[in-house]
Structures are given as C-alpha cells and as structure tokens.
Amino acid sequence: MSLPYEMVPEAESVTMAKSIETKLRLAEALHALMETEPLAKITVSELVAAVGISRKAFYYHFEDKSQLINWYCHYDFVSRQTELLAEGGWMATGSVARYFATDRKFYGTALSDTTTHAFGTYFVRVLSTIIFVTMESAYRLEFGADYAPILKRNADFLAEGGRRALVRWLLDDRESPPEEYMSYVMKSSAAYARCVYSAFPEEERQALLLPVEQPLAPGGEAHDRLQRLLSKMDL
C-alpha cells in the first residue's frame, strides 16, 4: 500500500513531484497540439520536442498517448471532484459539464475511450455511483434493500448513456453551451419519466409520487456516503 504523499521520505517526494511535473508538461503539450491536429496524427516525437525531453523519458511515464490523456483527466478530475460534486444532484451534473466544456476536444476524446483503465470507464463508474446513491436514497423506503442490485444495473445503464451523450455534445455540438445542454438533458429526462409514469396502472401511480427533494444535498447522509464511495475509486 502506498504512503500518503506527506508521509513519503523527502527524496522520494521530490522524485514524485518531478515525475508529476513532467507528466503535466506532456499533457499541456498534447492539449496545445490537439488544437490544430487530430490525436491520431500527433506523434510522440512532437510531444517530447515540445517539452524538451527524450522519447525514452516519455515511455518511462506512459505507454502511449491514450495513457497520457487518461492519466491527466483522472489526475485533474479527482483533484476537483469534491468541488465539482459539492452541490449534489443535477447541479453537480451541470458543474461537471462546465468543467468538460473548458476543453471539449480533449475531454471528449478521453471520454470516448472505454478500455479497462481508460478515463471514460472511470467516469462511467463515478456517474453510476452518483445515480445509484441518488436512486437508493429516494427509493430505499419504498422498495427495501433487496432492490439494490436492480438499481445498480439501472444506474450502470444510465451512466453509460450519460457518457455517450456527453461525448456527442463535446465533440459534435460545440456551439451549445453547458447550460443549454443541461436544460435539454433535464427536459428530455423529465419527458421520458412522464412517459414511463403514465405506463403504470392508475392504482400504482400514487406509490411512485415521492416528495420532491434533493437526495444528494450537501451535508446529508446520502451526500456523505457518495463522497466516501468516490474517494475509494481509482483509474
């Protein structure tokens, strides 16, 4: 098990800091190159020339460009995660959308990758956990603990759909600002929810009418549980 950063011996901590600095410089160089070139055409030689290191140094840190993107997105997202999710619920979703919109091409590319250790896969796990805790908090009393596995499968399904929608918005709909995108997501979700609700027999509809509240409001039990679950995640 690795030691917390502040407990690492000084010599090792200096080495770690230099390694992170090199990785961040590579990420910044890739950011800049992606403004004018597609990722597939950017070479490792271009990256190392921009940073002033050797190819050997690049491959010491990363296997390829995709691993560099995944590392940076994970590093940056995790460092901002508490801040981004602080508001809870839909407000947190809006914060995340605004964060990704700061560099649509870079984050859209990262979210497109869903291989085992990719950032897109990590993000789906984060989003699924948020959705699951929200649904569990809202429906625990109605369905009981036995309903959790079904909620988890539904959360996974919705999270993957959310990732795909984000990728399309980031890469294909660059004129739409985050606020407009989130408004569309909320309205379309509400419309679909009404369709599902109307499919239930009249006698069952009343049981589905739960009080309107914010399950992930800061300071609440569900919000604190979500933060604990997310803190245990890794790429």
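For the range 77-96, the condition holds for no residue, the condition being that it is in contact (Cβ under 8 Å) with a residue 60 or more places away in the chain, over 22 Å from residue 158 (Cα atoms), in contact with a helix residue (DSSP H, G or I) (Cβ under 6 Å, 6 or more places away or on another chain) and in a helix (DSSP H, G or I).
Residues of the range 36-54 that are part of a helix (DSSP H, G or I) and under 17 Å from residue 19 (Cβ atoms): 47, 48, 51. Annotation note: Cβ proximity below 6 Å between a residue of the range 155-174 that is more than 12 Å from residue 112 (Cβ to Cβ) and a residue that is in a helix (DSSP H, G or I) and of a type in the set (D, E, K, R) (sequence gap 6+ or interchain) occurs for 174/104.
Per-residue answers, yes or no, for (1) closer than 30 Å to residue 34 by Cα; (2) surrounded by 12 or more Cβ atoms within 10 Å (Cβ to Cβ); (3) modelled with pLDDT under 85:
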position: 100; (1), (2), (3): yes, yes, no
position: 109; (1), (2), (3): yes, yes, no
position: 127; (1), (2), (3): yes, yes, no
position: 131; (1), (2), (3): no, yes, yes
position: 138; (1), (2), (3): no, yes, yes
position: 152; (1), (2), (3): no, yes, no
position: 166; (1), (2), (3): yes, yes, no
position: 181; (1), (2), (3): yes, yes, no
position: 189; (1), (2), (3): no, yes, yes
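Scanning the range 11-19 turns up one or more residues that are at pLDDT 85 or above, more than 16 Å from the chain's Cα centre (by Cα) and either under 26 Å from residue 116 (Cα atoms) or in a helix (DSSP H, G or I) (or both).
The values are calculated or read from the model by the stated rules, or taken from the named source; none is laboratory data. Source: prediction; values computed, not measured. With ideal geometry, Cβ positions are generated from the backbone for all residues, glycine too; neighbour counts draw on all protein chains shown.
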